1. Filter the stretch 92-125 down to residues that are assigned to a loop (DSSP other than H, G, I, E, B) and either modelled with pLDDT under 85 or closer than 16 Å to A70 by Cα (or both), then give me how many there are.
2. So which of D173, D129 is closer than 22 Å to E198 by Cβ and of a type outside the set (A, V, I, L, M, F, W, C)?
3. Take the stretch 150-194 and flag every residue that is surrounded by 17 or more Cβ atoms within 10 Å (Cβ to Cβ), part of a helix (DSSP H, G or I) and either without any contact (Cβ under 8 Å) to a residue 24 or more places away in the chain or in contact with a Ser or Thr (Cβ under 6 Å, 6 or more places away or on another chain) (or both).
4. Name every residue in the stretch 229-288 that is β-branched (V, I, T), more than 23 Å from R317 (Cα to Cα) and not in a helix (DSSP H, G or I), in order of residue number.
5. Of all the residues that make up the stretch 223-254, how many are β-branched (V, I, T) and buried (at least 19 other Cβ atoms within 10 Å of the Cβ)?
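The values are calculated or read from the model by the stated rules, or taken from the named source; none is laboratory data. Just so it is clear, the structure is predicted and the values come from calculations on it, not from any experiment. When we count neighbours, we look across all protein chains shown, and the Cβ atoms used for this are built from the backbone with ideal geometry, even at glycine.
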Amino acid sequence: MSAPLADLYVPLGLEKPILSNLDEPLASVAPTLAYWPAGITTMKHAAAKNPDKAPRFWRDDALPFIEARAIADGREVCYARHSHAHFSIGAITAGRSTYVHEQSEFEVAAGTVVLMNPGDVHACNPIDDQPWSYVMLYVETPWLRDLQQQLGFGAQGFCRFAVTHLNDAALFDDLRTLYEILVDDQHDLLRKHSAAVEFFSDLHLRLNPASAPLREANDKLERAADFIREHCTDALSLDEICTAAQLSPSYLIRAFKQHYGMTPHAFVINQRIQFARERLRSGQLIADVALAAGFADQAHFQRAFKQHLAATPGQYRG
């Protein structure tokens, strides 16, 4: 579901190649795509019969290790067998297609999750011009290798997945959820980074079962919580919380949720809401409170506040 930098592909029914590198990571095609804006990026397929069916890409300079892509109509793309240096995982969201992986060929359909290790030769193409759609995530191998080492896998290098595709409803839903979080402007950097670490940690524990790493002392989790409480109105990053607690991202995400019943990101939002409640009670303006509490805008604050208290800030302030 991705193409090497040098390759061009020819959509069905056309005589000349018109577009290349639709789904390579930004770093691989920076000279060609340098004009693209940061954050959510939309790219229209030059041959798309309907612009709404064009490939859509997301990337964020603050999360350079991951990129997302969505195809609404897979009939608009056709790939030759190819490989690449990053890890890929995708979800077939509608229809069905052929999936070539190394020397094998499969038919995959809605609900299937496909995985491609770095270097695996693969291709996905439509069946008899039938519509199909998918979402894909592309992850830089060094980032994933580091996460594997945190989890106790891949001590000698990248740990390859033995599974090439599977029908796992929970994994499918989790992958779709991560995609939606990444492309949603309403989610901040901490939420997106945490969601990525949580998903790929769970992916390894699900598909590569092994002895769990030794647990860290809970005082480090308390240190993480204290750091969040003290800095909840700042634009916190996952790395900052991990550094303060001296914990790896994968351990922090899993253990924090087990200990506190919520992820670090949810804990941040909860603390911001508590901060806002105190100031609303004193009669401060809602717009001022939203900014002081660390929310990007008043609308974002309104949504989060209502989710936590089942009331709007205005209703709460009275």
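1. Number satisfying all stated conditions: 8.
2. On inspection, the qualifying residue turns out to be D173.
3. Q150, L151, I181, S194, listed by residue number.
4. Within the stretch 229-288, T263 is the sole residue that qualifies.
5. 3
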